[in-house]
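One structure is given here, and the rest of the page talks about it.
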Amino acid sequence: MSRAALLVLADGRFPAGGHAHSGGAEAAVKAGRITGTESLEEFCRGRLYTAGLVSASLAAAAALGLDPVALDTAADARTPSPALRVAGRKLGRQMMRAARATWPSAELDALAREFPKGAHQPVVLGLAARSAGLGAEDAAYCSVYESVSGPATAVVRLLSLDPFDATGVLARLAPELDLVVGRAVEGARRALDDGVDALPAASAPLLEIGAEVHAAWAVRLFAS
């Protein structure tokens, strides 16, 4: 299948529900950890090397054909925050709907039956990439880009940040996205032989704490 499928999957307009989530940026803005372009870049870099790396490795592993049920369990183990688990499964359910409509496959159908309330989003993303004829690296790129583009887009709305400045943050991070993709795919390939415990398990305590605080707000702009 055409590699142009990667553009479809990575497009922010792909109806997978990501636009409703800030990736922790809303809580970070309210806590004063994101105040402008420089702090947004620091936030995105921290997210990239922790939650971004973990998600990308799960997506790459799913694209390689590892057992998605085992990968979903691994995603749960790497997500201490109940709020983030709920958000991850909601995003996975929406990603599943979009992926099955776009690239129908028996593997996606089987995962949907196994997790009627939604598997974790990176697992679904990797299986969607596999169904689209894409590889592990493609799935990892989609995942890491989403891990930083979501917060950057959210901060444009939250702080009225200049969109050009937010795009500049993403451009400056591009070489580091390459690095994290390499690590994610390496971890996924190790997991083929050694099992899902070989996948990266980087932690981001402030993201986890922020997610729990954010979930308790009566009024918020983003779902997570």
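A short reminder: the numbers here are calculations on the coordinates, not readings from a lab. Note that the structure is predicted; figures quoted are calculated from it, not measured. We place every Cβ from the backbone using ideal geometry, glycine too, and count neighbours over all the protein chains shown.
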query: Scanning segment 210-224 for residues that are of a type in the set (G, A, S) and free of Cβ contacts under 8 Å to residues at least 40 places away in the same chain, which turns out surrounded by the fewest Cβ atoms within 10 Å (Cβ to Cβ)?
result: A218
- request: Scan V155, V86, V148 and give me the residue that is closer than 22 Å to G182 by Cβ and among the β-branched types (V, I, T).
  value: V148
statement: Those residues of segment 14-33 that are more than 15 Å from the chain's Cα centre (by Cα) and surrounded by fewer than 19 Cβ atoms within 10 Å (Cβ to Cβ) come to a total of 4
task: Take L179 and decide whether it is touching a residue at least 24 places away in the same chain (Cβ under 8 Å), among the aliphatic types (A, V, I, L, M) and surrounded by fewer than 23 Cβ atoms within 10 Å (Cβ to Cβ).
output: no
- line: Given the conditions (1) surrounded by fewer than 22 Cβ atoms within 10 Å (Cβ to Cβ); (2) more than 15 Å from the chain's Cα centre (by Cα), every one holds for L40 apart from (1)
field: Hits in segment 173-187 (condition: closer than 22 Å to G65 by Cα and touching a helix residue (DSSP H, G or I) at 6+ places or on another chain (Cβ under 8 Å))
entry: V180, V181, R183, A184, V185, G187
task: Give segment 167-176 a look and list any residue that's under 23 Å from A60 (Cβ atoms) and exposed (fewer than 13 other Cβ atoms within 10 Å of the Cβ), or say none.
output: A174, P175
- line: Condition set touching a residue at least 60 places away in the same chain (Cβ under 8 Å) and within 14 Å of the chain's Cα centre (by Cα), scope segment 4-13, selection nearest to A99 (Cα to Cα): answer is L9
